[in-house]
1. Could you run through segment 621-633 and say how many residues are open to solvent by 70 Å² or more (accessible area, probe 1.4 Å) and charged (D, E, K, R)?
2. Taking into account only those residues within segment 356-398 that are of a type in the set (Ser, Thr, Tyr), in a helix (DSSP H, G or I) and in contact with a Leu (Cβ under 9 Å, 6 or more places away or on another chain), which is nearest to residue 539 (Cα to Cα)?
3. Limited to segment 465-514, what total is found for residues that are of a type in the set (Lys, Arg) and either open to solvent by less than 70 Å² (accessible area, probe 1.4 Å) or under 22 Å from residue 356 (Cα atoms) (or both)?
4. What tally of residues in segment 549-576 results from selecting those that are at negative phi and open to solvent by 40 Å² or more (accessible area, probe 1.4 Å)?
5. Mind listing whichever residues of segment 532-546 are surrounded by 18 or more Cβ atoms within 10 Å (Cβ to Cβ) and under 38 Å from the mean Cα position of the chain (by Cα)?
6. Search segment 447-465 for residues that are of a type in the set (Phe, Trp, Tyr) and pair each with any residue that is open to solvent by less than 30 Å² (accessible area, probe 1.4 Å) and part of a helix (DSSP H, G or I) when their beta-carbon atoms are under 7 Å apart and the residues are at least 6 apart or on different chains.
7. With the requirement that a residue be closer than 17 Å to residue 87 by Cβ, crowded, with 18+ Cβ neighbours inside 10 Å and modelled with pLDDT under 80, what does segment 1-39 give you?
8. Tell me which residues, restricted to segment 380-418, are closer than 22 Å to residue 489 by Cβ and either of a type in the set (Gly, Ala, Ser) or open to solvent by 20 Å² or more (accessible area, probe 1.4 Å) (or both).
Amino acid sequence: MKNKFEYIHSHPEIYFTQKARNGGYICTVCGNGSGKDGTGVRLIKGQTFRYKCFKCGTSGDVINFYAAEHHISNAEAITQVFKMYGLDTPEKISFSKVVAEQSDTMELAEELKIANIIAEDIETATEHLNETDYFAKRGISNEVATRHNCGFIKGWMHPKKRGDKNIIPSDRVIIPTSAESYVARAVDDDNRLSKMKAGVSNVFNVEILKTSQQNVVIVEGEFDALSVIEAGNDAVALGSTTNVDKFLSWLKENKVVPKKPLIIDLDNDDAGKTAMKKLSEGLRKMQIRYFSISLVLEDCKDQNESLVKNRQEFISKVERIPQIVEELKKNARQKLSDSAKVKKWEFSIANARDAIPTGWKSLDKVLDGGLYEGLYVIPGATGTGKTAFALQMAYQIAAQNKDVLYISLEMGEEEIYERHISRISYQLYGNTSRAKTVHSIIQEKKTVVAAKEEFEKVGLYLRTVCGVGSIDADDIRQIVENYKYELDTLPVVFVDYLQILKAHDPHMTDKQAVDYNVLRLKQLSRDYKIPIVALASMNRTSYSDVISMVSIKESGAIEYTSDVCIGLQMTAMEKIVDSTKKQGQKEKAVRELKTKTKRDMQAVILKQRNGPIGAEISFEYCAMFNHFGDKNIECDTGTVNFHEAQEVD
């Protein structure tokens, strides 16, 4: 034995097959050493075969690491490691012959000694099963107890305490949980002696999952599992809620996929609920189906008490497991099918939010009344007034006493307020000295009382959030959720603009970042059934060309995911493109158009899932005052009335 241990110690590379980048080996327990900065598993200073992982804390020799990796005892690990190394392991080991000079070998030898005692206890207990009626009192027949190697030991003492004169022996029934572990339960309930475990805690009857043709029931206690088995169905007991990881690891390592969905019936206390959550998550990851079914009868604390108090009713309930599973499957199909969603759809139609007018009658007509749930993208070249268009639309929606959330990623709050005040003053007084441009507001340090008052009234329904380079689509979702919590309403969301939303992951390319944010914004609009209006920039090569979906920068997800795409361009773009062949001449013509105080603009419907495509809505864009006027229909802005101006410092 000593020579075999020494052979294992001198050939760690047979187990530690992967070397870490910075020396040592990759930790088999936590994977430390696989990354750039991992330290891996290294020899403990002054030792020749003891290692330590400074990330997960595992330490010891190859056998210790193997035991930690597979959640088994060192005694169990010895047999498996010996097979890995091609070494024979005798069934019984004469420990008097094991001459161990190393402390680890002595420790392993002691564990093997305990393992042998545990095996002998199990064998002894089965021979004395008929000397106790405890199983019968708990409703378990001798046939079931015998089948699972249960038994009885009179004057039992824990294997690690044999010979200790301070320990008082007690009569115990023995329920094996593996060949090298068992649970010992006192038969004298009046003494209230606690259940004790010998060997490493294991899952009871877990091997049945390899062969069972039934819906195996997963419970907590061994007697609960025996009760289900007594009622005619296979069952497994975790032994403790802390054994969930061990159970999941066993399934994974043995590549076991139960033939039928598992039935989980854990205790309904905090520990049971926590274990249920972890167990269900683990089973889902492994694509193992399960159903949660309570077999515990009314006024009973667990499955065993149910068997004892009303045996026939409990057996009947267990026998109905296949029928219950079929009913649950049917219900699951009903929930997931389109048929089940008809009522929900009908309800959503009956309670759908009406279209929200944009404030421009021509645009609303093309959009079938205004904005609906969905993602609206507004692309445009530099100088086409995308932000002015979005700010005016946001204001006109807020003027209808509808909540608006404006996410600005380029400008600060003061800049946005100045644009609003400038536009309102223009709407009040037209292109006169009474109207204020943004620059005149700043230079003269004055604004207009009427414009300010109008903005303050509408501003009750506006919320502006600025965050240059610090907001992504997930942050916007959180802002919307907070909005809902604080005001118990949902806003129309404006995002200015898509291409400068923060990348969710710093390793993303520009296209990946835009795609991610577009998809998340679309999902947000669906989840909360709100319109989201997002501005988008264009490729520089498209600045002097007619606008199209191809013109949009990083257009992939935008083209396929958006519900409506409204491109902004100068009305003369088609003439410029048709009449001018040279790129330089086109760019010069576009620059000349931008010098005009008032520009003829078009909003072109590039995409609309539920409406006409290609419509062109004409606007007059007054860049000085950030104002878009509807040229198709005489339009009431719905915000202010004309009256005498007053300036205020």
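1. Quick first cut of segment 621-633, residues open to solvent by 70 Å² or more (accessible area, probe 1.4 Å) only: 624, 631-632.
Still in the list and also charged (D, E, K, R): 631.
Here the count works out to 1.
2. Kept after step one, since they are of a type in the set (Ser, Thr, Tyr), are these residues of segment 356-398: 358, 362, 372, 376, 382, 384, 387, 395.
Those left that are additionally in a helix (DSSP H, G or I): 362, 387, 395.
With the extra rule that they be in contact with a Leu (Cβ under 9 Å, 6 or more places away or on another chain), the set shrinks to 387, 395.
On the way: 387: 17, 395: 28 Å.
Going through the qualifying residues, I end up with 387.
3. Of segment 465-514, the ones of a type in the set (Lys, Arg) are 477, 484, 502, 511.
Cutting the leftovers down to either open to solvent by less than 70 Å² (accessible area, probe 1.4 Å) or under 22 Å from residue 356 (Cα atoms) (or both) gives us 477, 484.
The number of residues fulfilling the criteria is 2.
4. The first filter runs over segment 549-576 and keeps only residues at negative phi, leaving 549-553, 555-576.
Next, only the ones that are open to solvent by 40 Å² or more (accessible area, probe 1.4 Å) stay: 550, 553, 559-560, 571, 574-575.
Within segment 549-576, residues that are at negative phi and open to solvent by 40 Å² or more (accessible area, probe 1.4 Å) number 7.
5. Of everything in segment 532-546, those that are surrounded by 18 or more Cβ atoms within 10 Å (Cβ to Cβ) and under 38 Å from the mean Cα position of the chain (by Cα) turn out to be 532, 533, 534, 535, 536, 537, 538.
6. Going by the 7 Å Cβ cut-off, the qualifying pairs are 455/420; 455/421; 455/424; 461/398.
7. 1, the sole residue that qualifies.
8. Answer for segment 380-418, where residues must be closer than 22 Å to residue 489 by Cβ and either of a type in the set (Gly, Ala, Ser) or open to solvent by 20 Å² or more (accessible area, probe 1.4 Å) (or both): 390, 394, 398, 399, 400, 401, 402, 403, 408, 413.
The values are calculated or read from the model by the stated rules, or taken from the named source; none is laboratory data. Because the structure is a prediction, the values reported are computed rather than measured. Note that each Cβ is placed from the backbone with ideal geometry, even for glycine, and that neighbours are counted across all protein chains shown. Each accessible area value is taken on the protein alone, full model and side chains, heavy atoms only, with ligands, DNA and RNA left out. Shrake-Rupley method; radii C 1.70, N 1.55, O 1.52, S 1.80 Å.
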